[in-house]
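Asker: This is the structure I want to talk about, given as structure tokens.
The values are calculated or read from the model by the stated rules, or taken from the named source; none is laboratory data. Remember, it's a predicted structure, so these values are computed and weren't measured experimentally. FYI the Cβ positions are ideal-geometry reconstructions off the backbone, even for glycines, and counts take in every protein chain you see. All accessible areas refer to the heavy atoms of the entire protein, side chains included, with ligands and DNA or RNA removed. Shrake-Rupley method; radii C 1.70, N 1.55, O 1.52, S 1.80 Å.
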Amino acid sequence: MYLSQVDSFGGVDADADKLLEACFEDHEAYLAAKSHNKFLVLGRKGSGKTAIYKKLMQEKRFDAFSFGHDFSDYPWQLHDKQGELGVPEEQRYLQSWRYLILLTLSKMLLNQDHSQPWSDDAQEALAKVEKFLVDSYGSRNPDMAQMFSPIRILRFKSSFEISWPIKVGVEGVPMSELPTIVQEVNRNLLRAVVDSLNPEFDYYVCFDQLDLGFDNSANYKSRLIGLLLAAREMNVKARDAGKRLSVLVFLRDDIYQALSFEDKNKPTENFSCRIEWDTPRTTRTLKQLMEKRFAQVLSIPESDAWSEVFDEMEQMPGRQNKYQHMLDRTFLRFRDMIKFCNEVLKVFQRELGLVERSKFSNRDVQVARNEYSAYLLSELDDEVPKHYPNYRTYLEILKSMESLQFTLEDFRAGCESRRTVLRDDTNPSSILMALFEFSLVGYYAPGGGGFGGSEYIWKYKDVRSQFNEGALNYRIHPGLKEVLGVKKWTKSE
């Protein structure tokens with residue numbers, strides 16, 4: 001196939017990416033999650049979290065089972081009613097998450113795992129689990145949306161030995177009373193479920209799309225913290241019992257950074273993995289990812305497929321090759337590079353009749369920057385306002401800089417000109433810090449200190465980077481140059 005016949009190189013959204021399965025990249029984060037080494041998968045929006053999630057969901061093996069929670073249609077309001085009062089805020093939803101995870105595993109054991117019961121002990125344990133589900137929900141395979149349904153009556157007195165803190169009627173316990181007994185229920189379910197897991201098989205319970213409905217509220221943060229604590233506990237219990245279970249959480253970097261709870265450093269250092277591309281901490285590159293896609297749609301060898309698509313003999317301004325030129329305008333996310341390549345493809349096909357050629361040229365890349373730049377800003381429009389409501393005003397200040405590179409004094413002048421729409425307690429440094437957190441700007445570090453020989457420090461290149469309030473020189477992300485209407489690299493031009 002020729003470039004003139006290609007529809008696209010895939011979708012920027014994993015749910016709409018027809019090439020996802022055929023061109024999946026075995027990223028280190030995927031391998032760490034699959035091997036039960038890490039349970040918390042972090043990355044910016046569009047970095048590939050959902051791609052890993054979908055890959056785990058699609059894998060079909062006789063000895064591996066997975067269940068994914070999609071929160072687009074999840075009954076959060078019923079889950080919220082299970083929140084415990086009178087406990088530390090970060091533990092408010094801990095028990096209800098434990099309950100949901102254990103019921104998910106119960107469904108997997110009873111309906112997916114055909115090795116069950118794998119032992120005599122497992123047979124006894126699984127019988128208790130089955131009786132609880134059938135008696136309480138009327139099925140071995142209840143709908144997950146019914147887990148916290150208020151019309152349910154939980155019946156488990158004959159299944160589990162529980163010291164009841166409340167009076168139990170003949171019919172059982174109403175779901176509304178779950179918060180008062182959930183600790184005892186979870187303790188019994190945990191023992192039965194862990195005993196039932198086949199030590200030779202792999203089990204995955206995955207939580208994705210947790211950013212849907214993100215509002216930066218204390219209640220939302222408490223929900224997520226409860227899930228992280230419950231997942232960590234479940235994974236440790238399974239590991240100690242010699243079982244291959246992972247409760248996996250896929251979470252945006254910016255949301256995780258906004259969470260604060262005791263011992264947060266433990267899951268961060270011991271149980272998390274980040275999806276990164278083209279950094280010193282990974283061997284994976286976006287070029288490799290695109291070469292898989294080029295090879296798939298054009299039916300060409302994957303090795304050096306980039307050079308078969310882009311004319312790298314023709315250098316970009318600044319003597320850059322096209323890959324580095326495009327990479328510098330991304331947030332090092334696979335979504336960005338796919339979008340950029342798709343826009344270059346559109347320009348190539350639109351102008352093909354003007355000049356006969358078989359590869360993408362400098363002009364194709366340069367013209368494509370306009371649409372790509374608009375896309376990049378729209379991505380930020382989805383993320384930043386929930387953290388910084390005054391974000392739109394911050395953008396207007398950036399537009400007034402006129403050049404990609406500017407000084408602290410330039411920015412102070414821009415802030416002063418918009419003082420009437422800024423809060424009284426907002427100062428230039430706090431605005432620059434907010435812009436730095438989402439990589440709209442980077443700051444100059446004298447003597448270097450950035451990665452890849454760069455003298456500018458960017459959050460998207462290393463999430464551990466901290467803002468330097470003493471910095472005097474800044475740069476707007478090059479990918480935003482066109483959409484912000486910035487005409488020059490420096491004021492001296």
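Asker: Output yes when any residue across the range 215-236 is over 28 Å from the mean Cα position of the chain (by Cα), modelled with pLDDT of 85 or more and either of a type in the set (D, E, K, R) or within 21 Å of Gly68 (Cβ to Cβ) (or both), and no when none is.
Answerer: no
Asker: What's the total number of residues in the range 205-219 that are open to solvent by 10 Å² or more (accessible area, probe 1.4 Å) and not charged (D, E, K, R)?
Answerer: 7
Asker: Being of a type outside the set (Val, Ile, Thr), surrounded by fewer than 19 Cβ atoms within 10 Å (Cβ to Cβ) and either touching a strand residue (DSSP E or B) at 6+ places or on another chain (Cβ under 7 Å) or not in a helix (DSSP H, G or I) (or both) is the filter here, so list the residues in the range 426-441 that pass it.
Answerer: Answer for the range 426-441, where residues must be of a type outside the set (Val, Ile, Thr), surrounded by fewer than 19 Cβ atoms within 10 Å (Cβ to Cβ) and either touching a strand residue (DSSP E or B) at 6+ places or on another chain (Cβ under 7 Å) or not in a helix (DSSP H, G or I) (or both): just Asn427.
Asker: Quick one: in the range 282-334, of everything that is over 18 Å from Tyr2 (Cα atoms) and among the hydroxyl-bearing types (Ser, Thr, Tyr), which residue is most open to solvent (accessible area, probe 1.4 Å)?
Answerer: Thr283
Asker: Now for a separate question. How many residues are of a type in the set (Gly, Ala, Ser) and touching a Ser or Thr at 6+ places or on another chain (Cβ under 7 Å) when one looks only at the range 93-143?
Answerer: Qualifying residue count, the range 93-143: 2.
Asker: Also, quick follow-up: Would you mind stating whether Ile52 is open to solvent by less than 40 Å² (accessible area, probe 1.4 Å), over 21 Å from Val193 (Cβ atoms), assigned to a helix (DSSP H, G or I) and at pLDDT 90 or above?
Answerer: yes
Asker: Suppose we keep only residues that are over 16 Å from the mean Cα position of the chain (by Cα), open to solvent by 50 Å² or more (accessible area, probe 1.4 Å) and at pLDDT 90 or above within the range 5-30. Which one would you say is nearest to Arg44 (Cα to Cα)?
Answerer: Filtering first and then ranking leaves Asp7.
Asker: While we're looking at this one, here's another question. Might you let me know whether the range 364-373 holds any residue that is part of a loop (DSSP other than H, G, I, E, B), among the polar types (S, T, N, Q) and either touching a helix residue (DSSP H, G or I) at 6+ places or on another chain (Cβ under 8 Å) or within 30 Å of Phe214 (Cα to Cα) (or both)? Let's see the steps before the verdict.
Answerer: Of the range 364-373, the ones part of a loop (DSSP other than H, G, I, E, B) are none.
Scanning the range 364-373, I find no residue that is part of a loop (DSSP other than H, G, I, E, B), among the polar types (S, T, N, Q) and either touching a helix residue (DSSP H, G or I) at 6+ places or on another chain (Cβ under 8 Å) or within 30 Å of Phe214 (Cα to Cα) (or both), so the answer is no.
Asker: Which residue is nearest to Leu94 (Cα to Cα), if the candidates are limited to the range 185-204 and must be buried (at least 17 other Cβ atoms within 10 Å of the Cβ) and of a type in the set (D, E, K, R)?
Answerer: Looking at the filtered set, the residue picked out is Asp195.
Asker: Identify the residue in the range 220-274 that is on the phi < 0 side of the Ramachandran plot, assigned to a loop (DSSP other than H, G, I, E, B) and of a type outside the set (Asp, Glu) and, among all such residues, is least open to solvent (accessible area, probe 1.4 Å).
Answerer: Leu259
Asker: For Tyr391, work out the one condition from (1) within 19 Å of Val483 (Cα to Cα); (2) touching a strand residue (DSSP E or B) at 6+ places or on another chain (Cβ under 9 Å); (3) open to solvent by less than 70 Å² (accessible area, probe 1.4 Å) it doesn't fulfil.
Answerer: Of the numbered conditions (1) within 19 Å of Val483 (Cα to Cα); (2) touching a strand residue (DSSP E or B) at 6+ places or on another chain (Cβ under 9 Å); (3) open to solvent by less than 70 Å² (accessible area, probe 1.4 Å), the odd one out for Tyr391 is (2).
Asker: Got at least one residue in the range 195-217 being assigned to a helix (DSSP H, G or I) and among the hydrophobic types (A, V, I, L, M, F, W, C)?
Answerer: Checked against the condition, which is being assigned to a helix (DSSP H, G or I) and among the hydrophobic types (A, V, I, L, M, F, W, C), the range 195-217 yields no hits at all.
Asker: State which residue pairs qualify: first residue closer than 19 Å to Ser400 by Cβ and part of a helix (DSSP H, G or I) and inside the range 462-482, second residue open to solvent by 50 Å² or more (accessible area, probe 1.4 Å) and not small (Gly, Ala, Ser) in any location, beta carbons under 7 Å apart, and separation of 6 or more residues or different chains.
Answerer: Glu482/Asn370
Asker: Could you check Glu383 against (1) open to solvent by 20 Å² or more (accessible area, probe 1.4 Å); (2) charged (D, E, K, R); (3) within 29 Å of Phe340 (Cα to Cα) and say which number it fails?
Answerer: For Glu383, the exception is condition (1).
Asker: Then there is this: Spot the failing condition for Glu262; the list is (1) within 30 Å of Ser222 (Cα to Cα); (2) under 22 Å from the mean Cα position of the chain (by Cα), and only one is missed.
Answerer: In the conditions (1) within 30 Å of Ser222 (Cα to Cα); (2) under 22 Å from the mean Cα position of the chain (by Cα), Glu262 misses (2) alone.
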